[in-house]
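Have a look at the structure below, then the notes.
The values are calculated or read from the model by the stated rules, or taken from the named source; none is laboratory data. What you see is a predicted model, and the numbers here were worked out from it, not measured in a lab. Here the Cβ positions follow ideal geometry from the backbone for every residue, glycine too, while neighbour counts run over all protein chains shown.
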Amino acid sequence: MSWLLPGLGASSFAIWLVLVFFRGDFWRADQRLRRRVRDLAHWPEIAVVVPARDEAAVIGEAVKSLLGQDYPGKFSIFLVDDGSRDNTGACARATADALGKGEQLYVLEGEPLPERWVGKVWAMDQGVRAAAGFAPEASYFLFTDADIAHEPANLKMLVSKAEGEGLDLVSLMVRLRADSFWERLLLPAFVFFFQMLYPFPWVNDPGKTIAAAAGGCMLARREAVEAIGGMGAIQDALIDDCAFARAIKARGPIWLGLTETTASIRPYGGFDGIWHMVARTAYTELRHSPFLLAGTLLGMFFTYLLPPVLALGYGLHESGAALGFGLAAWALMAASYRPSLSLYGSSPWVGLLLPFVALLYCAMTFDSARRHWRDAGGEWKGRTHRGGR
């Protein structure tokens, strides 16, 4: 059995070699919008759709950032107040009125949620339908969350990218708010894992079928949205952004990138808030399959946990080969994590803690499955979705 631990270590090291060199360079975190935009002869009209539920604390800042866009063309904002239990809609109106731009903001009272629809997607659908009446000439929809603060040039950069490259969807994974200790420890890893699952260069390659988007900021060509049958095409999708991207990419090119300047302004509530955010949809990503859950947890162990176990446990196993493979895999892991840490201004040495962070994400994923088995996996802001994909 003297070969067992070195063999396990070699397997873990091989996994990291494949991830670093043959997984689309996901770890480079280099897919970014150009800040220098092309000067278009005609800037198309945009309909901005904002689904909002209980967002009074942040909606004012989000609306202010949208109304403050230096976009040369015409744009309107359609905010769908999705059954808020606070004064979300009133806060949005007050912000627009204070800026003297009340005519650009339409606040819509959300309609009752139909069967087989997810709440956010239903709100997005209502915004799309409202835009058809009030902004019939709009060429694009900007779908954005109610907790996103957009830099002034964001809309211009998104449209320039879409128009210049003939893209049907341009999406940004916004910078997540990371103020507390747990947010700074856990959220860069969330971005890293997402890039590993959906390598952005592959998403952006029309020749590959893999597709993904980040729901906080998605600019979609109106023709493409209509071609897939509107938001009804993803009506029951809990992970609506990736489902939307798959539907769009099936007929045209898409692009997904990172940004340091457009950001989430939602406080995650520390450790508990991040845990709930992940546990809400992690098991949905695994298609509610116990076999995929077991495979994922086993894969996470071999990929993230085994290298430090072999390295730190040398005094117990005394295998030089196992130690060497463990250290090599751990070093590759930390090095590949460095660009994502840099995005959040974190020290490269924090990469050595990625195995511990991965262990926490494993626990969150298992808890997501436990919640699903208890029929409570899709709960969000007082609303529980069951059976969504």
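Quick notes
- Segment 251-272 - residue that is farther than 16 Å from Arg32 by Cβ and of a type in the set (D, E, K, R) and, of those, surrounded by the most Cβ atoms within 10 Å (Cβ to Cβ): Arg266
- Of everything listed in (1) small (Gly, Ala, Ser); (2) modelled with pLDDT of 95 or more; (3) out of contact with any Gly (no Cβ under 6 Å at 6 or more places or on another chain), the single unmet condition for Ala376 is (2).
- A residue that is closer than 22 Å to Gln126 by Cα, over 20 Å from the mean Cα position of the chain (by Cα), assigned by TED's automatic domain parsing to the domain that holds Pro112 and not hydrophobic (A, V, I, L, M, F, W, C) cannot be found anywhere in segment 31-40.
A quick yes/no check of all residues on (1) without any contact (Cβ under 8 Å) to a residue 12 or more places away in the chain; (2) out of contact with any Phe, Trp or Tyr (no Cβ under 7 Å at 6 or more places or on another chain):
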{"residue": "Gln195", "(1), (2)": "no, no"}
{"residue": "Ile210", "(1), (2)": "no, no"}
{"residue": "Arg221", "(1), (2)": "no, no"}
{"residue": "Gly229", "(1), (2)": "yes, yes"}
{"residue": "Arg246", "(1), (2)": "no, yes"}
{"residue": "Leu256", "(1), (2)": "no, no"}
{"residue": "Arg266", "(1), (2)": "no, yes"}
{"residue": "Gly270", "(1), (2)": "no, no"}
{"residue": "His276", "(1), (2)": "yes, yes"}
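- Filtered by the rule that a residue be assigned to a helix (DSSP H, G or I) and under 10 Å from Pro6 (Cβ atoms), segment 309-325 gives Leu310, His317, Gly320, Ala321, Ala322, Leu323, Gly324, Phe325.
- Test: Leu327 is at pLDDT 95 or above, surrounded by fewer than 19 Cβ atoms within 10 Å (Cβ to Cβ), of a type outside the set (Val, Ile, Thr) and farther than 27 Å from Asp272 by Cβ: yes
- Filter result for the condition that a residue is within 21 Å of Ser340 (Cβ to Cβ), outside any helix (DSSP H, G or I) and not assigned by TED's automatic domain parsing to the domain that holds Leu359, over Ala146, Ala178, Ala189: Ala178
- The residue list Ala263, Ala245, Ala282, Ala250 contains one member that is within 26 Å of Asp205 (Cα to Cα) and outside the structural domain of Gly207 (by TED's automatic domain parsing), which is Ala282.
- Hits in segment 306-323 (condition: touching a helix residue (DSSP H, G or I) at 6+ places or on another chain (Cβ under 9 Å) and either surrounded by fewer than 17 Cβ atoms within 10 Å (Cβ to Cβ) or over 20 Å from Tyr361 (Cβ atoms) (or both)): Leu310, Ala311, Leu312, Gly313, Tyr314, His317, Ser319, Gly320, Ala321, Ala322, Leu323
- Subset of segment 150-164 [outside any helix (DSSP H, G or I) and buried (at least 22 other Cβ atoms within 10 Å of the Cβ)]: His150
Yes or no, residue by residue, for (1) among the small types (Gly, Ala, Ser); (2) surrounded by fewer than 21 Cβ atoms within 10 Å (Cβ to Cβ); (3) over 25 Å from Met173 (Cβ atoms); (4) touching a strand residue (DSSP E or B) at 6+ places or on another chain (Cβ under 6 Å):
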position: Leu8; (1), (2), (3), (4): no, yes, yes, no
position: Leu17; (1), (2), (3), (4): no, yes, yes, no
position: Arg23; (1), (2), (3), (4): no, yes, no, no
position: Arg36; (1), (2), (3), (4): no, yes, no, no
position: Ile46; (1), (2), (3), (4): no, no, no, yes
position: Pro51; (1), (2), (3), (4): no, no, no, yes
position: Glu61; (1), (2), (3), (4): no, yes, no, yes
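- Only one of the numbered conditions (1) touching a strand residue (DSSP E or B) at 6+ places or on another chain (Cβ under 8 Å); (2) surrounded by 21 or more Cβ atoms within 10 Å (Cβ to Cβ); (3) closer than 21 Å to Ala146 by Cβ is violated by Arg175, and that is (2).
- Checking each residue in segment 92-148 for being among the small types (Gly, Ala, Ser), crowded, with 18+ Cβ neighbours inside 10 Å and over 23 Å from Arg266 (Cα atoms) picks out Ala130, Ala131, Ala135, Ala138, Ser139.
- Any pair with Cβ under 8 angstrom, 6 or more apart, that starts in segment 89-109 at a residue that is assigned by TED's automatic domain parsing to the domain that holds Lys64 and ends at one that is of a type in the set (S, T, N, Q) and assigned to a strand (DSSP E or B): Gln104/Ser76; Leu105/Ser76; Tyr106/Ser76
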